[in-house]
1. If you go through segment 1-57 one residue at a time, how many are in contact with a Leu (Cβ under 8 Å, 6 or more places away or on another chain) and away from the ligand (no atom under 15 Å from the Cβ)?
2. For the list (1) within 15 Å of the ligand (Cβ to nearest atom); (2) surrounded by fewer than 19 Cβ atoms within 10 Å (Cβ to Cβ); (3) under 13 Å from the mean Cα position of the chain (by Cα), I need the number of the one condition that Phe88 fails.
3. For Val80, work out the one condition from (1) of a type in the set (A, V, I, L, M); (2) within 15 Å of Ile5 (Cα to Cα); (3) in contact (Cβ under 8 Å) with a residue 40 or more places away in the chain; (4) more than 16 Å from the ligand (Cβ to nearest atom) it doesn't fulfil.
4. Before we move on, is Glu127 surrounded by fewer than 16 Cβ atoms within 10 Å (Cβ to Cβ) and in contact with a Lys or Arg (Cβ under 7 Å, 6 or more places away or on another chain)?
5. Do any helices (runs of 4 or more DSSP H) lying entirely in segment 1-74 carry at least 2 residues that are within 14 Å of the chain's Cα centre (by Cα) and in contact (Cβ under 8 Å) with a residue 24 or more places away in the chain, and which ones are they?
6. Restricting to segment 107-135, what's the tally of residues that are outside any strand (DSSP E or B) and either modelled with pLDDT under 95 or of a type in the set (Ser, Thr, Tyr) (or both)?
Amino acid sequence: MKITILNGSPRKGGNTETMVNEFARGAKEAGHETEILPVGQMDIHGCLGCKYCFAHGGECVQKDDMQKVLASIDQADMVVFAAPVYWFDVTAQLKCAIDRMYARGGVGFHFNKTALLLNSGSDGVYEAAIAQYKMMGGYLKWEDKGIITIPGMESKTSMKESKALEDVYKFGLSL
Ligand SMILES: Cc1cc2nc3c(=O)[nH]c(=O)nc-3n(C[C@H](O)[C@H](O)[C@H](O)COP(=O)(O)O)c2cc1C
């Protein structure tokens, strides 16, 4: 299947990038086609709530990098949401991309499988992000393929030294 991975971290070469690369390595070995989109570093503005998309067949009025994301998820069978925790939630950059997926709310989503990959400094900080993910997926009838949370990410290279990285690889491989 085609898997689009949305990396919501703004930090190049950080823990989330390492995490998504490892997930993609496993998924590719399992025979899937993956595309990683660094939405945390792309020019994606917040949804304007104008509902232009609802009157224009799902086309968004804003012509920024979200066009690339929408083009990718329109081909995808699965979308993976990945982010570091920022103040007990996903990053604003990932949330911007998620909000902009509203453009497909009226016409429907091509994919129906999802996963959530999170990492953070502390443990016990995932409740809000997981609640949002589950509520959205439940509402849109997406099939949750799994959630991975990796705490203990104190420095930029923590993920590279983490044993949990193998779980991420195996998760990709298991799909
Ligand atoms: C603005 C900001 C807010 C953060 N908030 C939290 C938090 O609420 N809880 C936590 O455990 N870690 C928090 N962290 C730490 C990051 O989640 C952690 O370092 C993560 O691995 C960074 O991922 P990256 O290397 O992809 O940038 C925060 C970091 C930043 C920069």
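The values are calculated or read from the model by the stated rules, or taken from the named source; none is laboratory data. Given the structure is predicted, the values throughout are model-derived calculations rather than measurements. Please note: Cβ atoms are built from the backbone with ideal geometry, for glycine as well, and neighbour counts cover all protein chains shown.
1. Count: 8.
2. Result: Phe88 passes all but (3).
3. (4)
4. no
5. Hits in segment 1-74: 15-29, 66-73.
6. Total satisfying the criteria: 4.
Residue by residue, here is whether (1) within 14 Å of Thr18 (Cβ to Cβ); (2) out of contact with any Asp or Glu (no Cβ under 9 Å at 6 or more places or on another chain); (3) away from the ligand (no atom under 16 Å from the Cβ); (4) β-branched (Val, Ile, Thr) holds:
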position	(1), (2), (3), (4)
Asp99	no, yes, yes, no
Gly105	no, yes, yes, no
His110	no, no, yes, no
Lys113	no, no, yes, no
Asp123	no, yes, no, no
Ala129	no, no, no, no
Glu143	no, yes, yes, no
Pro151	no, no, no, no
Ala164	yes, yes, no, no
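Table: residues versus (1) under 15 Å from Ala115 (Cβ atoms); (2) out of contact with any His (no Cβ under 8 Å at 6 or more places or on another chain); (3) of a type in the set (Asp, Glu); (4) surrounded by 13 or more Cβ atoms within 10 Å (Cβ to Cβ).
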site: Lys134; (1), (2), (3), (4): yes, yes, no, yes
site: Gly137; (1), (2), (3), (4): yes, yes, no, yes
site: Lys141; (1), (2), (3), (4): no, yes, no, no
site: Lys145; (1), (2), (3), (4): yes, yes, no, yes
site: Thr149; (1), (2), (3), (4): yes, yes, no, yes
site: Glu154; (1), (2), (3), (4): no, yes, yes, no
site: Ser158; (1), (2), (3), (4): no, yes, no, yes
site: Lys163; (1), (2), (3), (4): no, yes, no, no
site: Glu166; (1), (2), (3), (4): no, yes, yes, no
